[in-house]
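Okay, so here's the structure we're looking at.
Bear in mind these aren't lab numbers, they're just calculated from the coordinates by the rules spelled out. All values derive from a computational prediction rather than experimental measurement. Neighbour counts are summed over all protein chains in view; Cβ atoms, including those assigned to glycine, are modelled from backbone coordinates with ideal geometry.
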């Protein structure tokens, strides 16, 4: 049984202020695999004080000094990729192949492109009017990350803070504390000065809220649900700190009849089920031109029936469990809701897959003949559940795609480049994928509307952690 009973504050592993703990559960076996200490506002105060002290000197480091530390961080990260992957497989159920090749590898992918972005960043610029702009670190950053992409989101927040000369306090999801502790060990091994990076485990109601309200935190960066993101913004309002949010999604996937249907539908269904559907940008709404609707249903059904579900410790292309019982129950309730609303179950449905009796595994499920106004078409399910709706015209597809409170991602499948450009221009979403190709590491990620604000990744990801100072040229 693993015991995580220390927080990383001011360059040392220290005892929490209280003795409160929470069990760490394995979603594939429903067994407790460890215990994590839960932080309090007192722990946040200690971590913020350490980060504030460290900012005085770390903010004065040169770009070359910070690049050298980032390259040491890369070496330390690469050495622990296997440990990160095993932790995520155990704590949130990511299958072994995906956990190592994608979940853990994101810690390197984002880091490499932040290094490139920092190398090209002009920390001082001369304006057309001869005034000088300086880009300076914002200060102490409070970082709150989710359970579904643990290291991906930690890297997207911690690395730009370290790159720009800011300091930070990280509160990872209480459901994925193991990978976060390993990442803290990685930062320590890279040799960052005491207080530059701090880790406090805990939940949103105590640690997260204390961070958002803290007067000495200059910026909050949060990834999670729209509900929780709203709470962070409200808590942060009294101290007028910068808040960046990456929140929920209900991403439309527009399929036109001229697309390579066999290839694009197979990719689309697999993309919805990937990470057991627990991705905020998953293409969960398949909007299909009516003339090819029946053909699309046949292809989608074959893909879903072939989708394997199984033991996340094994290598392969299967999907694993949902991350806990609460999420399992929510997904089951949403599937029941779809049935009650009158949508047709094409594949899957209620309960666990055949032959699986333990763990939070669900059947890959497809609803078809879904009315756009049904709740399963409008609410984020966060499981391997796809809804399919027919459209008649291009403008109908665009209208349905944009008729959502979210705007994180959208997908377009067509063989016509002019149509692709025309449709993309009208979609209200922060990230667009076309014919299976999406943006890569180093490109900005974020959404419109209630999917959040700010961008993560690459140069724009650095800019969120920078303040702008302007001054005139020196005149004696």
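Evaluate E = 1/(1 + (r/R0)^6) for residue 67 and residue 437, where r is the Cβ-Cβ distance and R0 equals 25 Å; express this FRET efficiency to the nearest 0.05.
0.25
So, R0 is 41 Å and r is the distance between the beta-carbons of residue 97 and residue 56; what FRET efficiency does that work out to, to 0.05?
Approximately 0.35, to the nearest 0.05.
Using Cβ contacts closer than 10 Å as the measure, can you line up 274, 411, 8, 465 from fewest to most?
Ranked by crowding around the Cβ, least crowded first: 274, 8, 465, 411.
Working out 0.36 nm times the residue gap between residue 375 and residue 358, then minus their Cα-Cα distance, what length gain in nm do you get to one decimal? Provide the component values of the computation, followed by the final result.
On the way: separation 17, 0.36 × 17 = 6.12 nm, distance 2.88 nm.
Difference between extended and current length: 3.2 nm.
Roughly how many Å is it from the Cα centre of region 279-297 to that of region 232-276, as a whole number?
When both Cα centres are located, 14 Å separates them.
Take every Cα pair under 8 Å in region 2-247 that's 6+ residues apart, average their separations, divide by the length, and report that relative contact order as a whole percent.
Relative contact order comes out at 26 percent.
Give me the distance between the Cα centres of region 99-137 and region 349-416, rounded to whole Å.
35
Under a crude label model (7 Å from the Cα following the beta-carbon direction), how far is residue 32 from residue 83 in nanometres?
Distance between label points: 2.5 nm.
Using helices alone, what [θ] at 222 nm do you get for the chain, with -39,500 (n - 2.57) per DSSP H run of 4 or more residues, divided over all residues and rounded to the nearest 500?
Computed ellipticity for the chain at 222 nm equals -12000 deg cm²/dmol.
Work out how much length residue 130 to residue 6 would gain on full extension: take 0.36 nm times their residue separation and subtract the Cα-Cα distance, in nm to one decimal.
39.5 nm
With angles folded into 0 to 90 degrees, how steeply does helix 293-306 sit against the dominant principal axis of the chain? Use alpha carbons for both and round to 10.
70
Mind pulling the angle between the C-alpha long axis of helix 226-237 and the longest principal axis of the chain? Nearest 10 degrees, somewhere in 0 to 90.
Here the helix axis deviates by roughly 20 degrees.
So, R0 is 30 Å and r is the distance between the beta-carbons of residue 474 and residue 119; what FRET efficiency does that work out to, to 0.05? List each step's numbers first, then the result.
Working: r = 28 Å, r/R0 = 0.92.
The value I calculate is 0.60.
With each label point set 7 Å from Cα along the Cα-Cβ vector, what nm distance links residue 260 and residue 313?
A separation of 3.9 nm, rounded to one decimal place.
By its C-alpha gyration tensor, with a ≥ b ≥ c as the square roots of the eigenvalues, how is region 236-364 shaped: rounded for a/c under 1.5, else prolate for a/b larger than b/c, else oblate?
Numbers: a/c = 1.71, a/b = 1.19, b/c = 1.44.
Note, shape of region 236-364 comes out oblate.
So how do 92, 205 line up by other beta-carbon neighbours within 10 Å, fewest first?
In order of increasing Cβ crowding within 10 Å: 205, 92.
So for region 252-441: antiparallel DSSP bridges make up what percent, rounded to the nearest 5?
Counting DSSP beta bridges with both partners in region 252-441, the antiparallel share is about 15 percent.
Shape verdict for region 423-476, please, from the Cα gyration tensor: rounded (a/c under 1.5), prolate (a/b greater than b/c) or oblate.
Verdict is prolate for region 423-476.
What is the helix-to-structure angle for 41-58, meaning the angle in degrees between its Cα long axis and the longest Cα principal axis of the chain, kept from 0 to 90 and rounded to the nearest 10?
With both axes taken from Cα atoms, the answer is about 60 degrees.
DSSP beta bridges in the chain, what fraction antiparallel, as a percent rounded to 5?
In the chain, approximately 40 percent of DSSP beta bridges are antiparallel ones.
Show me, bin by bin at 5 Å from 0, the whole-percent P(r) of region 252-441 based on Cα pairs.
1, 8, 18, 22, 21, 15, 9, 4, 1, 0
Once both labels are modelled 7 Å past Cα along the beta-carbon direction, what's the residue 403-residue 301 spacing in nm?
About 2.7 nm separates the two model spin labels.
Quote to one decimal, in nm, the extra length available between residue 237 and residue 415 on full extension: 0.36 nm per residue of separation minus the C-alpha distance between them.
On the way: separation 178, 0.36 × 178 = 64.08 nm, distance 4.67 nm.
Computed gain between residue 237 and residue 415 is 59.4 nm.
Taking 8 Å as the Cα distance limit and 6 or more residues as the minimum spacing, I'd like the relative contact order of the chain as a percentage.
Computed value for the chain: 19 percent relative contact order.
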